[in-house]
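The values are calculated or read from the model by the stated rules, or taken from the named source; none is laboratory data. On a predicted model such as this, the values are computed, not experimentally measured, just so you know. No Cβ is skipped: glycine too gets one built from the backbone with ideal geometry, and neighbour counts run over all protein chains shown.
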Amino acid sequence: MARRWPCKDSRMATLRITTIAGARPQFVKAAAMSRAFAASGQFEERLVHTGQHYDYQMSEAFFRELDLPAPAVNLGIANLPHGAMTGRMIEGIEADLMARRPDAVLVYGDTNSTLAGALAAAKLAIPAIHVEAGMRSGRADVPEEINRIVADHVCGLLLCSSEAALQHLAKEGLAAKARLIGDLMYDVTLFASGRVEASGIRARLRLAAGGYSLLTLHRAENLGAPARLARLVAYAREAGQGQPIIFPVHPRTGAFLKAESIALDEITLVEPLGYFDFHALIADAAQVMTDSGGVQKEAYFHARPCITLRDETEWTETIDAGWNRLWTQPAYSTPRRSIPDYGNGHAAREAVSAIAAFLAA
Ligand code: UDP
């Protein structure tokens, strides 16, 4: 099949990008990129939603709040074991790519949608670009790590959010494909700041500024064993020091808590929140406790301390800068300082320039 590289004298011709996204954190990052693609005037983007997250609060709410253009197609693939889910996604994405032959495919993060998009594009010899590349936890047994490693090795351009990510890629012989662009989630945090201030959720939940903790838990490694989840919840209650703890419950976690009847006394469970409400709660929390990747950074963006409810993190610079600690660490390791890696709110613009240069090369 012919490869559709843009030729040198058509550098300013429109470049057609297919974005693959299926999960909440991918919609957040895609919102920043979509805005930058539109502003560049050089790109035409088509979004393929795999369907991995499908509830209104986990999907459509983000399209509405963050002005993300509606997906061109939704493959509707969810709630399946890893093999079946990834396989069906590859099949659906491949069909879309064969019909459209875009100039490049963009994948985000570390989900099955990331893996499927990267593999489908690579096998069709369509240049694939991985955003948030180079993240490594050192845990070869968790699905996210497997997805990241494969995506990084088959994608042609690796856009990174941290120096640590660049170093991981260099160790795997991938330095030539890697670029540091900053963190798209910071761009979105800044974009949303006015709407966040107007949220009013703190008043609705009767919370005093600085008088509560915000908790999230959703990773498979924490939901796999009821005893571990019970320990984490007990830890969160103790770390909350008697203040209210607000816990927006991810659907996967909700199903697990119900099935295992884990006691959550003194913790206020709420539905997954929209982006503005969630950020309003981060901004005024005494602390954030989370096993989310993105939320660790967002706590830092709002200058709130974070306790990560995992035994390791890919976002090591948040720990090195004193804003974050693992629940296994008794205290923050250093006085707090800023983290230059995440950039100045223009990561998406940097990414668009890197993509244009990559496709012109
Ligand atoms: N988020 C949200 N509402 C919530 C919980 C999270 O808007 O109730 C946002 C959060 O601000 C971040 C993203 O969802 O931008 C993180 O998603 P998640 O924790 O599911 O994924 P991870 O970052 O671990 O991949």
>> Quick check on my filter: what residues within the stretch 82-131 are over 23 Å from residue 356 (Cα atoms) and not in a helix (DSSP H, G or I)?
In response: 110, 111
> Which of the residues spanning the stretch 208-231 are away from the ligand (no atom under 15 Å from the Cβ) and of a type outside the set (D, E, K, R)?
Replying inline: 208, 209, 210, 211, 224, 225, 226, 227, 229, 230
> In the stretch 251-288, what residues are in contact with a Ser or Thr (Cβ under 6 Å, 6 or more places away or on another chain) and within 24 Å of residue 26 (Cα to Cα)?
Replying inline: 276, 277, 280
> Under 7 Å by Cβ, and 6 or more places apart or on different chains, what pairs join a residue from the stretch 125-137 that is more than 17 Å from residue 348 (Cα to Cα) with one that is in a loop (DSSP other than H, G, I, E, B) and of a type in the set (Lys, Arg)?
Replying inline: 125/3
> Of all residues in the stretch 256-271 being closer than 30 Å to residue 68 by Cβ and in contact with a Phe, Trp or Tyr (Cβ under 8 Å, 6 or more places away or on another chain), which is farthest from the ligand (Cβ to nearest atom)?
Replying inline: 268
>> Can you find a residue that is more than 25 Å from residue 145 (Cβ to Cβ) and in contact with a Gly (Cβ under 8 Å, 6 or more places away or on another chain) anywhere in the stretch 236-256?
In response: yes
>> So in the stretch 85-134, with the set limited to residues that are over 25 Å from residue 295 (Cβ atoms), touching an Asp or Glu at 6+ places or on another chain (Cβ under 8 Å) and not hydrophobic (A, V, I, L, M, F, W, C), which one is surrounded by the fewest Cβ atoms within 10 Å (Cβ to Cβ)?
In response: 123
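Which residue out of 195, 179 is away from the ligand (no atom under 14 Å from the Cβ) and among the basic types (Lys, Arg)?
On the way: 195 fails: away from the ligand (no atom under 14 Å from the Cβ).
One residue alone meets the criteria, 179.
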>> Among the numbered criteria (1) within 20 Å of residue 191 (Cβ to Cβ); (2) among the polar types (S, T, N, Q); (3) in contact with a Cys (Cβ under 7 Å, 6 or more places away or on another chain), which one does residue 324 miss?
In response: (1)
> From 184, 157, 169, which residue is in contact with a His (Cβ under 9 Å, 6 or more places away or on another chain), at pLDDT 95 or above and crowded, with 16+ Cβ neighbours inside 10 Å?
Replying inline: 157
> Is one or more of the residues making up the stretch 310-317 over 22 Å from residue 148 (Cβ atoms), touching a Lys or Arg at 6+ places or on another chain (Cβ under 8 Å) and of a type in the set (D, E, K, R)?
Replying inline: no
>> What are the pairs with Cβ atoms under 7 angstrom where one residue, in the stretch 188-199, is hydroxyl-bearing (Ser, Thr, Tyr) and the other, located anywhere, is surrounded by 14 or more Cβ atoms within 10 Å (Cβ to Cβ)? Sequence gap at least six, or different chains.
In response: 189/279; 189/298; 189/301; 199/276; 199/277; 199/280
> Taking the stretch 232-255 as the search range and keeping residues that are more than 14 Å from the ligand (Cβ to nearest atom) and of a type in the set (S, T, N, Q), which one is modelled with the highest pLDDT?
Replying inline: 243
> Within the group 281, 309, 326, which residue is surrounded by fewer than 19 Cβ atoms within 10 Å (Cβ to Cβ) and modelled with pLDDT of 95 or more?
Replying inline: 326
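Mind checking which residues of the stretch 56-77 are outside any helix (DSSP H, G or I), surrounded by 14 or more Cβ atoms within 10 Å (Cβ to Cβ) and within 16 Å of the ligand (Cβ to nearest atom)? Full working, then the answer.
Taking the stretch 56-77 first, the residues outside any helix (DSSP H, G or I) are 59, 66-77.
Still in the running and surrounded by 14 or more Cβ atoms within 10 Å (Cβ to Cβ): 59, 66, 68-69, 71-75, 77.
Correct list: 59, 66, 68.
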> Filter the stretch 82-109 for residues that are in contact (Cβ under 8 Å) with a residue 60 or more places away in the chain and acidic (Asp, Glu); which is farthest from the ligand (Cβ to nearest atom)?
Replying inline: 103
